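Participant: Following this message is one structure expressed as C-alpha cells.
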Amino acid sequence: PFRHESELSKPYDFRTTSIAREPIIVCRGPDNQVRAFLNVCPHRGMMIERRPSGSFLEGQPSGNPKRMTCMFHGWQFDMKGGCVYVSREKEGYQDRLCKDDVGLRRLRCEVKFGGFVWVNLNDKAPSLEDWAGKPFECLRKSLEAEPLQVFHYHKAIVDTNYKLWHDTNAEFYHDFMHYHNRVTGFNDAYFARKNEAFDNGHVVVGTFEVNYDKYEGFESRAALSFPHLPPNQWYMIDLFPGINFNLRGSALRCDVVTPLGPNRTMIEFRGLGLKSDSKEDRMTRINHHNSIWGPFGRNLHED
C-alpha cells in the first residue's frame, strides 16, 4: 500500500513518494475519490509536486487553487489528472495541441482492505483481489467493519536485504528468545498455531489468545478488540515481498518495506485504530501499540 486513506482525509489532500524510482502522486478529488498519477508533467518530464504532502485547495506561487501546476511552463491539471490549462496555448501551439490528449499518466489505484491505498505501475498485473484477497480473508471483516485512522508513524533504515524482513515475520523460531512471549503466550493454543501459505509468496500466521496481564506493566486488551476479533487475539498477514499487517486485539500495525540497496532497507511503520474512537480509547490504543511496536517498544525493528 502507498498510504492509508485517513492520511488523505480531505478533498485536494495529496501525498507523494516513489515506486521503483518513479515519482508518484496520490490525491483525493472533490468527488472524494482517491487517484494516483505519475508525478511527471507530460510536456517536458518535469516533476510537478515536490512537497511530501499538503493540499491543493490553496494556491501556490506557481499555480492556482484546486490545480496541480507544473512550475516549468505553468501547465495545470485537475484532481482527475486532466489538463485544464496550457500557458500560451493558442500562441504556442495554434491548433496542433488538444488538452484532452496531454493529461497526467493515471495509475491503477484502489482503496481496499481497511482503507489502505494500493498503487500499481503495471496495467497488466493481476487484480489486487486476485493477488492478496485470500490471505486477507482472516481479517477482512475486522478491517472493513468501520473506517480506520492512522495514529502513529515512524520509519527505520536497517542494514539488511529486504527479503529478510519477510522471512523473519514468517517464522516462529525467534519467538523463543522473547521473554515477553514466553510469559504471555506459550500455551497449547500458541503451539497449535500454523503458518498458512498462499500463492504469490504470502503467509498468514494463525491466531491465539495472548495473556497480556501476565506480563509486568501490561494489561488485557479485551475491552478494545477490533470489530469481529475475539478478545486478546491476533493475526499477522505477511504479503510478499514487503508488506505486513499485524492486528493485536486493540491496535493494527502495518509495515511497508522498501529496498534501498542490496543490504539496505527502509521500513515504514503505521499504527491504526478506529476513526470513531473516543479520546480515551485512542490513547489506550496508542499506549498498547507503542509499548510493543513504537520506536522504543519491546519489539525493535532490528528484531
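Participant: Can you check what the net charge comes to around Arg44, using other residues whose Cβ is under 15 Å from the Cβ of Arg44 (Lys, Arg +1; Asp, Glu -1)?
Facilitator: +2
Participant: What shape does the range 48-126 have by the C-alpha gyration tensor, where a ≥ b ≥ c are the square roots of the eigenvalues, rounded means a/c under 1.5, and otherwise prolate means a/b greater than b/c and oblate the rest?
Facilitator: oblate
Participant: Still on this structure: Pick out which of Lys80, Lys90, Lys66 has the largest mean-square fluctuation in a Gaussian network model of the chain, springs linking Cα atoms closer than 10 Å.
Facilitator: Of Lys80, Lys90, Lys66, the most mobile in the Gaussian network model is Lys90.
Participant: Using only DSSP helix segments of four residues or longer, with each worth -39500 (n - 2.57), what per-residue ellipticity at 222 nm results for the chain after dividing by its residue count and rounding to 500?
Facilitator: After summing the helix terms and dividing by the residues of the chain, the value is -4000 deg cm²/dmol.
Participant: Mind checking which of Thr258, Thr168, Thr284 has the largest fluctuation in a GNM of the chain, springs on alpha carbons under 10 Å?
Facilitator: Maximum fluctuation in the GNM of the chain, among the listed residues, is at Thr168.
Participant: Considering the Cα positions of the chain, please state its Rg to one decimal place and its Dmax as a whole number of Å.
Facilitator: In Å, with Rg to one decimal and Dmax whole: 22.0, 78.
Participant: Once you charge only the Cβ atoms, +1 for Lys and Arg and -1 for Asp and Glu, what is the size of the charge dipole of the chain about its Cα centre, to the nearest 20 debye?
Facilitator: Once rounded to the nearest 20, the dipole reads 900 debye.
Participant: May I pose another question? May I ask you to give the solvent-accessible area per residue for the range 228-270, in square angstrom, as obtained with a 1.4 angstrom probe?
Facilitator: That works out to 30 Å² for each residue.
Participant: Please get the size of the charge dipole for the range 1-53, origin at its Cα centre, with Cβ charges of +1 on Lys and Arg and -1 on Asp and Glu, quoted in debye to the nearest 20.
Facilitator: For the range 1-53, the charge dipole is close to 180 debye.
Participant: Considering only Arg193, Arg21, Arg105, give the residue with the highest GNM mean-square fluctuation for the chain, with springs between Cα atoms whenever their separation is below 10 Å.
Facilitator: The residue with the greatest mean-square fluctuation here is Arg21.
Participant: What order do Tyr215, Tyr190, Tyr85 take when sorted by accessible area (1.4 Å probe), most exposed first?
Facilitator: Largest to smallest exposure gives the sequence Tyr85, Tyr215, Tyr190.
Participant: Efficiency by 1/(1 + (r/R0)^6): what FRET value for Lys90 and His43, r their Cβ-Cβ distance, R0 = 22 Å, to the nearest 0.05?
Facilitator: 0.85
Participant: Here's a follow-up. Run the numbers for Lys155 and Ala223: contour at 0.36 nm per residue of separation, minus the present Cα-Cα distance, in nm.
Facilitator: Length difference between fully extended and current span is 21.6 nm.
Participant: For Leu57, what accessible surface area do you get with a 1.4 Å probe? Give it in Å², rounded to 10.
Facilitator: Looks like 80 Å² after rounding.
Participant: Give me the extension gain from Asp130 to Gln33: residue separation times 0.36 nm, minus the current Cα-Cα distance, reported in nm with one decimal.
Facilitator: Gain in length upon complete extension: 32.7 nm.
Participant: Also, I was wondering about something else. At R0 = 45 Å, how high is the FRET efficiency between Arg298 and Lys10 if r is their beta carbon distance? Nearest 0.05 is fine.
Facilitator: 0.80
Participant: Would you mind calculating the gained length between Asp167 and Glu268 on full extension (0.36 nm times residue separation, minus the Cα-Cα distance), in nm to one decimal?
Facilitator: Working it through step by step, the gained length comes to 34.6 nm.
Participant: Pull out a ≥ b ≥ c, the square roots of the eigenvalues of the alpha-carbon gyration tensor of the range 25-66, then state rounded if a/c is under 1.5, prolate if not and a/b is larger than b/c, and oblate in the remaining case.
Facilitator: It comes out oblate by the Cα gyration axes.
Participant: Just to verify a number: what accessible area does Val86 come out at with the full protein assembly present, 1.4 Å probe, Å² rounded to tens?
Facilitator: About 0 Å², ignoring ligands and nucleic acids.
Participant: Right, something else. Hey, what's the range 155-223 come to in accessible area per residue, 1.4 Å probe, Å²?
Facilitator: Per residue, the range 155-223 has 61 Å² of solvent-accessible surface.
Participant: May I pose another question? What trypsin sites (Lys or Arg not before Pro) does the range 257-297 have in DSSP loop regions with at most 15 other beta carbons within 10 Å?
Facilitator: Qualifying residues, ordered by number: Lys275.
Participant: Return a whole-number percent for the relative contact order of the chain, with Cα pairs under 8 Å and 6 or more residues apart as the contact set.
Facilitator: The normalised contact order for the chain reaches 14 percent.
Participant: Taking the Cβ of Asp255 as the centre, find all other residues whose Cβ is under 9 Å away and add up their charges (Lys, Arg: +1; Asp, Glu: -1).
Facilitator: +1
Participant: Something else about it: Name the residue from Tyr93, Ile25, Ala125 whose Cα lies farthest towards the positive end of the charge dipole of the chain, charges +1 on Cβ of Lys and Arg and -1 on Cβ of Asp and Glu.
Facilitator: Toward the positive end, the furthest listed residue is Tyr93.
Participant: Roll a 1.4 Å probe over the protein heavy atoms and report the accessible area of Phe72 in Å², nearest 10.
Facilitator: Counting only protein heavy atoms, the figure is 110 Å².
Participant: Also: Where the accessible area of the chain is counted over protein heavy atoms with a 1.4 Å probe, how much of it, in %, is carbon and sulfur?
Facilitator: Solvent-exposed carbon and sulfur of the chain make up 51 percent of the total.
Participant: Mind jotting down the distance between the C-alpha centroids of the range 136-204 and the range 272-303, whole Å?
Facilitator: Their Cα centres are 16 Å away from one another.
The values are calculated or read from the model by the stated rules, or taken from the named source; none is laboratory data. All values reported here derive from a predicted model rather than from experimental measurement. Cβ atoms come from the backbone with ideal geometry, glycine included; neighbour counts cover every protein chain shown. Ligands, DNA and RNA are stripped out before the accessible areas are found, and what is left, the full protein with its side chains, is counted by its heavy atoms. Shrake-Rupley method; radii C 1.70, N 1.55, O 1.52, S 1.80 Å.
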